[in-house]
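Participant: Have a look at this one.
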Amino acid sequence: MAELDRVREALRASMTAWATLDVRGDQARVIPAPDMDVLSAHLERLDPQWGLTWACDSVQPPVVRVRVTLHGTVREGLATAHTLNDAKLAALADAARTWGVSTAGEPTWVEYDPEDGANTTDLDADAPLPASPAARPLPPEPPRDPQMDKARRHIEDLLEQLKVAGRGGEAARILMRGYGETLEESRAIYKELQALLKA
């Protein structure tokens, strides 16, 4: 449990960047996200063998999947955003949530300039992230279910087939809600993806 607390602290400390999820005229919707340089430094100290892989499921709209390996545990994040780089940041924020690190509140609307991007200068001071586990108790990590792991692998195998078939973007939209919380939900998602492959 102490190891998990250190991972959460490292993720919290790295939440210094902002991902632009959506732009409407002169407004942008943003969420806090891990800064890659800060995150890398923290994770390197926790586990010199840590790993990070990216997959672009769709260029337009930008959909990115991230897989973080830390102490032999793999966690994934999936996000869509305004640009591919923003989708990478948002996917990292999504992966952080799987470790129990959430952003403070809902995404925020800020001023947006096409040349300068989203104006998040006022947000840094106004919207601090949750501090320590003592200040805000986090739920314990759920035990791993071998059947859910197997279902997830089946979905990932099918996703690879869909990417090869040129249907990765459509599959990513189905998977935006995740892989399912129960075995039945995972099976339903698998069937939906299977139907997409046969279509």
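Participant: Looking only at region 143-199, which residues are part of a helix (DSSP H, G or I) and among the aromatic types (Phe, Trp, Tyr)? Write out each step before concluding.
Facilitator: If we filter region 143-199 for residues that are part of a helix (DSSP H, G or I), which is where we start, we get 146-164, 168-175, 183-198.
Once the filter is applied, which keeps residues that are part of a helix (DSSP H, G or I) and among the aromatic types (Phe, Trp, Tyr), region 143-199 yields only 190.
Participant: With the requirement that a residue be closer than 26 Å to residue 118 by Cα and in contact with a strand residue (DSSP E or B) (Cβ under 7 Å, 6 or more places away or on another chain), what does region 31-60 give you?
Facilitator: 31, 32, 33, 34, 35, 54, 55, 56, 57 - these are the residues of region 31-60 that are closer than 26 Å to residue 118 by Cα and in contact with a strand residue (DSSP E or B) (Cβ under 7 Å, 6 or more places away or on another chain).
Participant: Here is a follow-up. For region 110-118, check the following and say yes or no: at least one residue is modelled with pLDDT of 75 or more, open to solvent by less than 30 Å² (accessible area, probe 1.4 Å) and of a type outside the set (Gly, Ala, Ser).
Facilitator: Within region 110-118, one or more residues are modelled with pLDDT of 75 or more, open to solvent by less than 30 Å² (accessible area, probe 1.4 Å) and of a type outside the set (Gly, Ala, Ser).
Participant: Mind checking which residues of region 66-83 are under 13 Å from residue 19 (Cα atoms), in contact with a helix residue (DSSP H, G or I) (Cβ under 8 Å, 6 or more places away or on another chain) and not in a strand (DSSP E or B)?
Facilitator: 81
Participant: Of all residues in region 65-124, which are within 9 Å of the chain's Cα centre (by Cα), of a type in the set (D, E, K, R) and under 21 Å from residue 24 (Cα atoms)?
Facilitator: Of everything in region 65-124, just one residue is within 9 Å of the chain's Cα centre (by Cα), of a type in the set (D, E, K, R) and under 21 Å from residue 24 (Cα atoms), namely 88.
Participant: Follow-up. Would you kindly identify the strands (runs of 3 or more DSSP E) lying entirely within region 1-65 that contain at least 2 residues that are open to solvent by 50 Å² or more (accessible area, probe 1.4 Å)?
Facilitator: Hits in region 1-65: 27-33, 51-58.
The values are calculated or read from the model by the stated rules, or taken from the named source; none is laboratory data. Fair warning: this is a prediction, and the values are worked out from it, not measured in the lab. Cβ atoms come from the backbone with ideal geometry, glycine included; neighbour counts cover every protein chain shown. The protein model used for the area step is the full one, side chains on, heavy atoms only, and it has no ligands, DNA or RNA in it. Shrake-Rupley method; radii C 1.70, N 1.55, O 1.52, S 1.80 Å.
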